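First up is the structure itself, then whatever we jot down about it.
The values are calculated or read from the model by the stated rules, or taken from the named source; none is laboratory data. Just so it is clear, the structure is predicted and the values come from calculations on it, not from any experiment. Cβ: placed from backbone, ideal geometry, glycine included. Neighbour counts: every protein chain shown. Side chains are part of the model used for accessible areas, which takes the heavy atoms of the whole protein and leaves out ligands, DNA and RNA. Shrake-Rupley method; radii C 1.70, N 1.55, O 1.52, S 1.80 Å.
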Amino acid sequence: MVKFLDLLKINAQYADELKQAAADVIDSGWYLQGERLSRFEANLASYTGVRHAVGVANGLDALRLILKGYIALGVMQEGDEVIVPANTYIASILAITDNRLIPILVEPDLQTYNLDFRLIEQYITPRTRAIMLVHLYGQVCWSGAVEEIAKKYNLKIIEDNAQAMGASWNGRKSGSLGDAAGNSFYPGKNLGALGDAGAVTTNDDALASMVRALGNYGSEKKYVNSYQGLNSRLDEIQAAFLDVKLKYIDAENQRRREIAQQYCNHIKHPDVQLPLNHLHDFEAGSHVFHLFVIRTTHRDKLQAYLSDRNIQTLIHYPIPPHKQDAYKTWNHLTLPVTEQIHREVLSLPISPVMTEEEVQHIIQVINAY
Ligand SMILES: *Cc1c(COP(=O)(O)O)cnc(C)c1O
């Protein structure tokens, strides 16, 4: 049986260090807002190449708090528009609507699965305040053109970096490219906690302080509440786990890239479309392969075939946000590229703990399909 993702095996690699980290936190008697969080924030900021990292409860909250922070700072207000790729995981969109901002759904590029930069400008209105770029499946979504557009229309660029921890673009890390980024440490993400956790990364001093306050009851000083905040904090124990695992993220991403390269070089089937690494460069690091997503016109058939041969696959994602009951008013919309992606995508197993035999086995089974 090849599991889609073996979390036990991933964390077992670091079991001694993780157990020691947990024991240290337990014995410290200090469980929130302590030195382990500060240390992880400093290490994450330095790794990402930004001035500030602010730990929060999860990735969705990181994005929610960025937008809430911009509203509190007067950069945007209720009813303003945020451009976002239509095929993203729904969390990107929930963060926008939760703040009573309006998501403007824009189609992705069928080759990269990332926002189609050529379409952005036509969706800009006087109420557009931000572009949310999602580095979907682990591939950096960035270009000089998008920076130009943001400058021209005075828009913030918010990165949803939940899936691309450790990726880089021309030597700059994802999470440092835009004005602010939401990062997720959900256990299955490339840098996974042993529970929920997230962080905002930014070079914006005012936004960083605001996010920190908003995630702590809108308070900068105990029992003094300056804003209507939330409780969204990163536990000491998760910060301690993340500090252990941050040391290994580059090696893990490197292994993911090697597996992706093997898949790309050796899977050959007329009905299997491989993901396009748009720089055709597995070394440069613009793709950290959080997911290895192929497209196929008879997706359910291929998934059943692989399942019969004990290869577990998943679909990211089966229903696009605009067809969800949560967003009924959008259900009538037609977004052909997004809908084709949701009909055809299938994610193959990829993880830093997969063995060479497992990778070869998957390649052979698909080629024999
Ligand atoms: C996982 C994910 C999120 C949300 O992160 P959580 O930590 O699960 O809240 C947001 N956006 C994308 C693209 C994700 O994959």
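Condition check: away from the ligand (no atom under 16 Å from the Cβ) and in a helix (DSSP H, G or I). Does residue 41 satisfy that?
yes
Inside segment 93-111, can you point out the residues that are β-branched (Val, Ile, Thr) and either away from the ligand (no atom under 15 Å from the Cβ) or open to solvent by less than 40 Å² (accessible area, probe 1.4 Å) (or both)?
Hits for segment 93-111 are 93, 96, 102, 104, 106.
Could you check segment 164-180 and list, in sequence order, the residues that are under 21 Å from residue 247 (Cβ atoms) and either among the hydroxyl-bearing types (Ser, Thr, Tyr) or touching a strand residue (DSSP E or B) at 6+ places or on another chain (Cβ under 8 Å) (or both)?
164, 165, 166, 167, 168, 174, 175, 176
Please work out which one of (1) closer than 23 Å to residue 226 by Cβ; (2) more than 16 Å from the ligand (Cβ to nearest atom) is the condition residue 49 fails and give its number.
Residue 49 satisfies every listed condition except (1).
Could you tell me which of the residues 161, 114 is within 12 Å of the ligand (Cβ to nearest atom), surrounded by fewer than 23 Cβ atoms within 10 Å (Cβ to Cβ) and among the polar types (S, T, N, Q)?
Selected residue: 114, the only one of 161, 114 that is within 12 Å of the ligand (Cβ to nearest atom), surrounded by fewer than 23 Cβ atoms within 10 Å (Cβ to Cβ) and among the polar types (S, T, N, Q).
Criterion first (in contact with a strand residue (DSSP E or B) (Cβ under 9 Å, 6 or more places away or on another chain), more than 16 Å from the ligand (Cβ to nearest atom) and modelled with pLDDT of 95 or more) does residue 191 satisfy it?
Here the answer is no, as residue 191 does not meet what is asked.
Determine whether segment 222-237 contains at least one residue that is within 16 Å of the ligand (Cβ to nearest atom), touching a Leu at 6+ places or on another chain (Cβ under 7 Å) and among the polar types (S, T, N, Q).
Yes: segment 222-237 contains one or more residues that are within 16 Å of the ligand (Cβ to nearest atom), touching a Leu at 6+ places or on another chain (Cβ under 7 Å) and among the polar types (S, T, N, Q).
Cβ-Cβ below 8 Å, separation at least six or inter-chain, first residue in segment 66-82 and over 12 Å from residue 179 (Cβ atoms), second of a type in the set (Asp, Glu): which pairs?
Hits for this filter: 71/78.
Please find, among 83, 66, the residue that is open to solvent by less than 50 Å² (accessible area, probe 1.4 Å) and either within 12 Å of the ligand (Cβ to nearest atom) or within 22 Å of residue 213 (Cβ to Cβ) (or both).
Just a single option satisfies the conditions, and that option is 66.
Which of (1) within 18 Å of the chain's Cα centre (by Cα); (2) under 19 Å from residue 178 (Cβ atoms); (3) within 16 Å of the ligand (Cβ to nearest atom) does residue 90 not meet, given it meets every other one?
(2)
Out of 213, 208, 251, 240, which single residue is open to solvent by 40 Å² or more (accessible area, probe 1.4 Å), of a type in the set (A, V, I, L, M) and more than 16 Å from the ligand (Cβ to nearest atom)?
251
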